[in-house]
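Asks: Just dropping this structure here.
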Amino acid sequence: MPHKVISLISVGRHPQSGRSRRADQDSRAVELGLKLAGTDLDVVHAGNSEEPVLRQYAGMGLPKVTVLEQTESADALPALSSYLKAQQADIVLTGVRAESGESSGMMPYLLSEQLGWPIVARVADIVEIKDGEAQVLLALPRGQRRQVTVKLPFIASVDNAAQAARQSAFGPGLRAKMATQSGSTEDDSVRVNWSEAPAKARPKRLKVVKAKTAADRFKAATAKPQGGSGKVMKNETAQEKAQAIFDLLIEEKVIR
Amino acid sequence: MSDIIRRDPRAEWIMRNRLHPLHDQYMSQEEGGEVRGPSGLIRKFPHKVGFIGPNGIKRIDRLKGNSSAPKGKRSAAAQEVQLPLHKVENPDYYIMVVPDMVGGRLTGHDKDILGLAHKLIAEQGGNGAVVAVCFGEVKEEHFDTAGVDRVLHIEGEVFEGYAPEARVQALAKVEAQYTVKHWLFPDSIHGGCDLASRLAARLGERPATQAWQVNAEQTVSRGASASLDITRKTPKILMLLEECADAIDETRHEATPMTLDEVSVSAATIKDKGLMAVDPNAIPMAEAEFILSAGNGIHNWDQFHEAAKVLGATEGASRVAVDDGFMPRSRQVGATGTWVTARVYVAVGISGAIQHMQGIGQVDKVVAINTDAGCDMVKRAALSVIGDSEEILAELMKLAAEHKQTSLSDQAEENSNAA
Ligand SMILES: Cc1cc2nc3c(=O)[nH]c(=O)nc-3n(C[C@H](O)[C@H](O)[C@H](O)COP(=O)(O)OP(=O)(O)OC[C@H]3O[C@@H](n4cnc5c(N)ncnc54)[C@H](O)[C@@H]3O)c2cc1C
């Protein structure tokens, strides 16, 4: 039985020009979804169906995009969670953080809490799905990968380490169907009280010297940051020297 | 012993008073003292003035006995300063900080957040305590100077490794058991952000993410891929960016352990299968954790590549090795190459030119293998080995192969025991 895979997409923002574009992580989620389900992939957006960016996603080879029609200030969560429940999805793919709006990255977690499904964060790849369990690779810092298995159905947020999205074709994107349904009408009541402004540059942290005496201040201003040098091994045998290095590597856990 | 130079008024007085019975004795201690000629004039013997300093240069002491502190009283080692202890008894509320503890130690990011927690307590008033909630292995020894009033170490096999579901259940239990005013998490890829989001969803709180300016009333956080500043009331759960506040450095804290009642953890739906072996050379060099770097002191290149493979290290190179065509340009470390952030950097036959040193500024531990004990790399290194690179790499490879053998046979034994 093929699995029902749903990718959630949002409107991205180009980091330099600020123009709307297909969001990087979301398009990777679509790419991963295409790998798992082919064109049976259901791609869902909660928002405005007239949004031109949706055509960029559709240009990745999608016959249709499902849009839960709602206004910009409405909360996307109720609409999405009732849609996912109705569709009996097996795997839901999202980005880690949206590129517009609050970009808190809470959406997949809230969905997981509401639906009672597990969530795996920062997925690099879904290797295989077998016996109601999926084998998932998580992206860790420093290029490391962790393998986990998770029961279906689950929600996965896709990391930048996942396979990059294919190019979007303009014509097929224009021809794709927008299947609209009505979304939620609840406004996000908390957000109304926030004030938003373009981001200010963060001040760089200065190195503050808390010296009590003039001599200490002088030392802090002139001393080289270099501490005393470490252990030097000169006259030992090559074997002992290598052992010392090896012990350090084991202690730092870079050799397992 | 203190570093302060003390005057000895008695010695000064004796030296001024030529009639004092001890005058001669004190003057002879002082080199270049007064000598009166037959006519009563003060004579100076220029060759006797001064003394030879430790670096072989002649020094003249013009303090004239004002520094007559007994020699050797000035100890070289600066005294360890005992910071004042900040005590919190019977706190009314707690601020929970869940640090990343990468490698079992507090990161700089964690320490900034502990500093912020104390700032919040100072602004809100009341008797609050900062708690560090840790899971898994803890190697940190300096909780007290990092500003931790209480340590809540949640131990148990279910919380080891990758276990976000079990951990969030434990955190929810903490919330139920203690009066928690705020939950502070680092907004990091080391798991802080994941855990915070899970907890926020579980408790039904709306968190502030990527927060960078926080006080008791207001929080400024980034939104829309860091192009927007959102100002709002400070929520209960905060995920904080780096440098959100200054770390604690003027006080010592109790760091007394706290306990948590038994947590009943439901069966995990996510099962950890361990870390994958990744090709170390496929990791971008700027991110690699362990780099074996080659310089002009490598003569056997096949052996070097072999060593990197056996040790599982990412390869790096100095500019000379690249210019000579032994390594690709993309592997160059330094000012005109890549700036690396490795935890361990093994420099084999690299002298440590400043252009190279710039590239390894953020490295934690440098190991140098070099024939020249006086080179700059040896000064920077935590461990330096003086010797021929080829010989030492050969020994290292032998050790690594042995280690692999024993760990494999250990595993086989475990498997056969389990079966
Ligand atoms: C504008 C500019 C930019 C530069 N940018 C960079 C840069 O980005 N990165 C960079 O690396 N360099 C850079 N350089 C070059 C830099 O100044 C040095 O020339 C270079 O780093 C030296 O490389 P090295 O240490 O491998 O070679 P050397 O200085 O020749 O050092 C070789 C070392 O190997 C030791 N040795 C020799 N034989 C053995 C042996 N058998 N076993 C063990 N040890 C042995 C020697 O004692 C010596 O310490 C730059 C220079 C300039 C002018």
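Asks: Within 10 Å of each Cβ of A:105-111, how many other protein chain Cβ atoms are there on average? Spell out each step's value before the answer.
Replies: Details: counts 9, 7, 2, 2, 10, 5, 1.
Partner-chain Cβ atoms within 10 Å, mean over residues of A:105-111: 5.
Asks: May I ask for the angle, rounded to the nearest 10°, between helix B:389-418 and the longest principal axis of chain B, with both axes built from Cα atoms and the value confined to 0 to 90°?
Replies: 40
Asks: From other protein chains only, count the Cβ atoms within 10 Å of every residue's Cβ in B:215-226, then give the mean.
Replies: 5
Asks: Can you give me the span-like helices of chain A, meaning DSSP H runs with 18 Å or more of Cα extent along the axis and Kyte-Doolittle mean at or above 0.0?
Replies: A:238-251
Asks: If the viscosity is 0.692 mPa s and the temperature 37 °C, what translational diffusion coefficient in µm²/s does Stokes-Einstein give for chain B when Rh comes from Kirkwood over Cα pairs?
Replies: Numbers: Rh = 27.2 Å.
The Stokes-Einstein estimate is 121 µm²/s.
Asks: A further question follows. Among the trypsin sites (Lys or Arg not before Pro) within region B:139-179, which fall in a DSSP loop and have no more than 12 other Cβ atoms within 10 Å of their own Cβ?
Replies: B:K139
Asks: Magnitude of the Cβ-charge dipole of region B:86-178, K/R +1 and D/E -1, about the Cα centre, nearest 20 debye?
Replies: Dipole about the Cα centre, nearest 20: 160 debye.
Asks: Right, another one. If you wrap region A:171-256's Cα atoms in a convex hull and average its projection over all directions, what's the area in nm²? It would help to have the intermediate numbers written out before the result.
Replies: Details: hull surface 77.2 nm².
With every direction weighted equally, the projected area is 19.3 nm².
Asks: Just to confirm a number: summing +1 for Lys and Arg and -1 for Asp and Glu over residues other than A:K253 whose beta-carbon lies under 10 angstrom from that of A:K253, what do you get?
Replies: Its environment carries a net charge of -1.
Asks: Something else now. In peptide B:228-238, how many Cβ atoms from other protein chains are near each Cβ within 10 Å, on average?
Replies: Mean inter-chain Cβ contacts per residue within 10 Å come to 4.
Asks: Using alpha carbon coordinates only, what is the Rg to Rh ratio of region B:213-315, with Rh defined as the Kirkwood radius?
Replies: 1.16
Asks: Shifting gears a bit: In nm, to one decimal, how far is the B:R62 label point from the A:T213 one, both placed 7 Å along Cα→Cβ?
Replies: Taking the two extended label points, one gets 2.2 nm.
Asks: So, one more: Sort B:194-203, A:116-125, A:14-23, A:191-200 for me by packing, meaning the mean count of neighbouring Cβ atoms within 10 Å per residue, highest on top.
Replies: So the peptides B:194-203, A:116-125, A:14-23, A:191-200, ranked by packing, come out B:194-203, A:116-125, A:14-23, A:191-200.
Asks: May I ask for the net charge around B:D229, where only other residues with Cβ less than 14 Å from the Cβ of B:D229 are counted and Lys, Arg are +1 while Asp, Glu are -1?
Replies: Neighbour charge sum, excluding B:D229 itself: +2.
Asks: With each label point set 7 Å from Cα along the Cα-Cβ vector, what nm distance links B:E287 and A:E50?
Replies: 4.1
Asks: Still on this structure, please answer the following. Report the far tail of the P(r) of region B:295-391, meaning the percent of Cα-Cα pairs longer than 23 Å.
Replies: Percent of Cα pairs beyond 23 Å in region B:295-391: 14.
Asks: Using only alpha carbon pairs under 8 Å that are at least six residues apart, calculate the relative contact order of region A:5-182 and give it in whole percent.
Replies: 29
Asks: Further question: Hey, with R₀ at 45 Å, roughly what FRET efficiency would A:I250 and B:E242 work out to, going by the Cβ-Cβ distance, to 0.05? It would help to have the intermediate numbers written out before the result.
Replies: Details: r = 30 Å, r/R0 = 0.67.
Efficiency, rounded to the nearest 0.05: 0.90.
Asks: Please report the Cα spread of the protein assembly as shown along all three principal axes, rounded to whole Å, starting with the longest.
Replies: Extents along the principal axes, in whole Å: 118, 65, 57.
Asks: Continuing with this model, one more query. Taking Rh as the Kirkwood radius, which is the inverse of the mean 1/r over Cα pairs, what is the Rg/Rh value for region B:149-263?
Replies: Here the Rg-to-Rh quotient is 0.98.
Asks: Take peptides B:389-395, A:250-256, B:346-352, A:128-134 and line them up by average Cβ neighbours within 10 Å, highest first, as a rough protection proxy. Write down the numbers at each step before the final one.
Replies: On the way: B:389-395: 20.4, A:250-256: 15.0, B:346-352: 27.0, A:128-134: 13.1.
Descending packing order for the listed peptides: B:346-352, B:389-395, A:250-256, A:128-134.
Asks: I'd like the Karplus ³J(HN,Hα) series for region B:242-253: coefficients 6.51, -1.76, 1.60, θ = phi - 60°, whole numbers in Hz, and an x wherever there's a Gly or Pro.
Replies: Going residue by residue, I get 5, 6, 7, 7, 8, 5, 6, 9, 10, 10, 10, 10 Hz, with x marking Gly and Pro.
Asks: Let me ask you something else. Let me check I've understood the local charge: for A:N160, count other residues with C-beta under 13 angstrom from its C-beta, Lys and Arg +1, Asp and Glu -1. What total comes out?
Replies: My count for the surroundings of A:N160 gives -4.
Asks: Computed from the mean reciprocal separation of all distinct C-alpha pairs, what Kirkwood hydrodynamic radius does chain A have, in Å?
Replies: 21.8
Asks: Helix B:108-124 against the longest principal axis of chain B: what's the angle in degrees, Cα atoms only, rounded to the nearest 10?
Replies: 90
Asks: Still on this structure: Please find the FRET efficiency linking A:T39 to A:F170, where r is the Cβ-Cβ separation and R0 is fixed at 22 Å, and quote it to the nearest 0.05.
Replies: The value I calculate is 0.75.
Asks: Find, among the GluC sites (Glu not before Pro) in region B:111-202, those assigned to loop by DSSP (not H, G, I, E, B) with at most 14 other beta-carbon atoms within 10 angstrom.
Replies: Those that pass, being in a loop and sparsely packed, are B:E137, B:E141, B:E155, B:E160.
All of the numbers you see were taken from the coordinates with simple rules; none came from a lab. What you see is a predicted model; the values in this text were computed from it and never measured. Note that each Cβ is placed from the backbone with ideal geometry, even for glycine, and that neighbours are counted across all protein chains shown.
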